[in-house]
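Since the structure comes first, as structure tokens, the remarks are kept for the end.
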Amino acid sequence: MDLSARTAEQIGEAIRRTRKARGWTQSDLSGRTNLRVATISSLENGDAGTKIATLLTVMAALGLEFRLVVRGESVEIEDIF
């Protein structure tokens, strides 16, 4: 699964989707990370105040990695055909 995100909300949604794809509740993820359920909820809701260390802890528990990449040039649909 390849997900990209550019906003806190998109990161939160990617975390939520991955958690649900694994069949985990927020409580399950909380237990695996030693973070409060409220913290997991806040992250999934796109709280921009989430610490990077918290994000990385959750991502590690979900088997995700953090990558920084240069944004590619956008391609217009007309250019494809």
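The values are calculated or read from the model by the stated rules, or taken from the named source; none is laboratory data. As the structure is a prediction and not an experimental result, all values here were calculated from the model. Note that each Cβ is placed from the backbone with ideal geometry, even for glycine, and that neighbours are counted across all protein chains shown. Protein only, heavy atoms only, side chains kept; ligands, DNA and RNA dropped before computing areas. Shrake-Rupley method; radii C 1.70, N 1.55, O 1.52, S 1.80 Å.
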Any residue at all in region 35-42 that's closer than 22 Å to ARG71 by Cβ and open to solvent by 50 Å² or more (accessible area, probe 1.4 Å)?
no
Could you tell me which of the residues ASP2, ASP47, ASP28 is among the charged types (D, E, K, R), part of a loop (DSSP other than H, G, I, E, B), open to solvent by 60 Å² or more (accessible area, probe 1.4 Å) and modelled with pLDDT of 90 or more?
ASP47
